[in-house]
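In what follows, a single structure is set out as structure tokens and then discussed.
What follows is calculated from the coordinates using simple rules that are stated; it is not laboratory data. Quick caveat, the model's predicted, so the values are computed rather than measured. We place every Cβ from the backbone using ideal geometry, glycine too, and count neighbours over all the protein chains shown.
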Ligand code: MCA
Ligand code: AMP
């Protein structure tokens, strides 16, 4: 039974657990089984651990750990105890983690034991009181201490606007911003998607193969399964062979386009393998029409593409049921129930009849603002309360939304966002570099990848490989440009602005064939 007076998202997820708590909730691909009772008890024990630390309401729990079922339990425990979950990409290096911890001021940091040697001193220096470790083999101090705690826990009382999570998203200028998501934001989106995608209570089986530090794997996938009492087949890492091998045991799969491209390369992906599947969902980056069509031809299934953001969770979706319309490749479907989506021109006037403009959105899913950045938050909303997505698109006569580009300078590589300004900032500080431009070019595996174009200072020699090597030492691996070219000067327009479109055009064929 849901307690109508408690807006804690965990209460809604827990209410959807099946009556038979000994039924399987999660099966890992390496043969472990977790029951619903295990999820309930473990989240209670970790929640009790946090409460025993004397944390205050609103305290942040920052987590940079390898994917595991226990890491999901840690997320559930944070919700359950009423604290704020702050997931961090496992690829982030020291400078990145130092910034996030410094900016968010978490009361607790949980990291892998392999990284504790450098994460713990950073956390302590930033004033974090408690550091725990958690590894993907059910080891670490978090579980050791939680094992001493009671497995009974009353779900913390929360109001709809209380914070549930902070997700850092990079900015076009300056440093990353923490998008503050409330219990209402997450719960409303989970419930809408449960209906819209026809989740079948206790009958679906989701293959979970995405990382759990972003909206897609953490919220869309986990909430979808839990709030419908559905089982998950859990892979700690995406492996196209393993996912295809598990399709006959599943009904739902979610992935970024790269995962679909890689699965299509598996000869074992056949119609028969997909016989029991109900739904394939793609998002986080544009799904190429050729992938959409190749998938339909090979499997007989039409991928459902949807669109969302860290700041808003899911915004639009192609229809699930044929009654609502067909799934159209190249579009991201209709605004979800409760989401208001409009397209405006540069002057803020409505774009009508399928004209292209800026996508703006409102709804119960739209975040509460950027952590400790009221000015930045204000800039990103229109005076009448719509959030400016930074995406450029159009809505056709039947209501299908198509994203045609972005007004924000952003590269989406294999579903991860790379902000050119951040990488250019690092390159520009390197010895001998005058300036640089990072551009996104098409790539057969990642959809798009970064390529750096660098100019040397007069008389200086800069080596492209050395630039890449230096970046590798400092930044998460997915942000590293795949190539770096050194040229005498960057092309500029009459206003003096670097012409990135021209550079993209020049380099668009770099990775045309064969994976690079
Ligand atoms: C790995 N590499 C990459 C990427 N991933 N390069 C560019 N872009 C990437 N995404 C590079 C590494 O730097 C490394 O290079 C080499 O590939 C192998 O690394 P490895 O970690 O082994 O790669 P992988 O395991 O094959 O990972 C590829 C992946 C992964 C499975 C596609 O990137 C992934 O899980 N992507 C999903 C991201 C996601 O969940 N996004 C959702 C965001 P080297 O050897 O040179 O070091 S949520 C969102 O966007 C919104 C809200 C939404 O709508 O969902
Ligand atoms: P993030 O900052 O990681 O939340 O990424 C959000 C951005 O991903 C959006 O603003 C879009 O630019 C992009 N995105 C998400 N889903 C899609 C999609 N289906 N098609 C095109 N772009 C998408």
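One table, with the values for the structure above:
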quantity: Residue match in region 96-110 (condition: assigned to a loop (DSSP other than H, G, I, E, B), under 21 Å from the mean Cα position of the chain (by Cα) and away from ligand 1 (no atom under 16 Å from the Cβ)); calculated: yes
quantity: Residues (outside any loop (DSSP other than H, G, I, E, B), under 25 Å from residue 212 (Cα atoms) and within 13 Å of ligand 2 (Cβ to nearest atom)) located in region 260-291; calculated: 260, 281, 282, 291
quantity: Flag if residue 335 is in contact with a helix residue (DSSP H, G or I) (Cβ under 8 Å, 6 or more places away or on another chain) and farther than 23 Å from residue 295 by Cβ; calculated: no
quantity: Listing of strands (runs of 3 or more DSSP E) fully contained in region 392-495 that carry 1 or more residues being without any contact (Cβ under 8 Å) to a residue 60 or more places away in the chain; calculated: 401-406, 411-413, 433-443, 447-456, 483-486
quantity: Residue, nearest to residue 177 (Cα to Cα), within region 111-138, restricted to residues that are assigned to a loop (DSSP other than H, G, I, E, B) and touching a strand residue (DSSP E or B) at 6+ places or on another chain (Cβ under 8 Å); calculated: 128
quantity: Any chance residue 291 is within 16 Å of ligand 1 (Cβ to nearest atom), in contact with a helix residue (DSSP H, G or I) (Cβ under 9 Å, 6 or more places away or on another chain) and under 27 Å from residue 368 (Cβ atoms); calculated: no
quantity: Qualifying position, being outside any strand (DSSP E or B), more than 16 Å from ligand 1 (Cβ to nearest atom) and over 20 Å from residue 224 (Cα atoms), among 383, 364, 337; calculated: 383
quantity: Single condition residue 199 does not satisfy, out of (1) surrounded by 24 or more Cβ atoms within 10 Å (Cβ to Cβ); (2) within 13 Å of ligand 2 (Cβ to nearest atom); (3) assigned to a loop (DSSP other than H, G, I, E, B); calculated: (2)
quantity: Which listed residue is surrounded by fewer than 21 Cβ atoms within 10 Å (Cβ to Cβ) and either under 19 Å from residue 311 (Cβ atoms) or touching a strand residue (DSSP E or B) at 6+ places or on another chain (Cβ under 9 Å) (or both), from 237, 184; calculated: 184
quantity: Pick from region 217-239, criterion within 17 Å of residue 183 (Cα to Cα) and outside any loop (DSSP other than H, G, I, E, B), ranking: farthest from ligand 2 (Cβ to nearest atom); calculated: 226
quantity: Residue among 369, 440, 399, 390 that alone is touching a strand residue (DSSP E or B) at 6+ places or on another chain (Cβ under 7 Å) and within 19 Å of residue 468 (Cα to Cα); calculated: 440
quantity: Filter result (surrounded by fewer than 23 Cβ atoms within 10 Å (Cβ to Cβ) and not in a loop (DSSP other than H, G, I, E, B)) within region 310-322; calculated: 322
quantity: Residues that are touching a residue at least 40 places away in the same chain (Cβ under 8 Å) and on the phi < 0 side of the Ramachandran plot, drawn from region 496-516; calculated: 498, 500, 503, 504, 507, 508, 510, 511, 512, 513, 515, 516
quantity: Count - residues of region 164-181 that are crowded, with 23+ Cβ neighbours inside 10 Å and either part of a loop (DSSP other than H, G, I, E, B) or more than 15 Å from ligand 1 (Cβ to nearest atom) (or both); calculated: 1
quantity: Test result for residue 255, under 21 Å from residue 199 (Cβ atoms) and within 11 Å of ligand 1 (Cβ to nearest atom); calculated: yes
quantity: Options 328, 298: the member that is surrounded by fewer than 21 Cβ atoms within 10 Å (Cβ to Cβ), in contact (Cβ under 8 Å) with a residue 12 or more places away in the chain, closer than 19 Å to residue 392 by Cβ and away from ligand 2 (no atom under 11 Å from the Cβ); calculated: 328
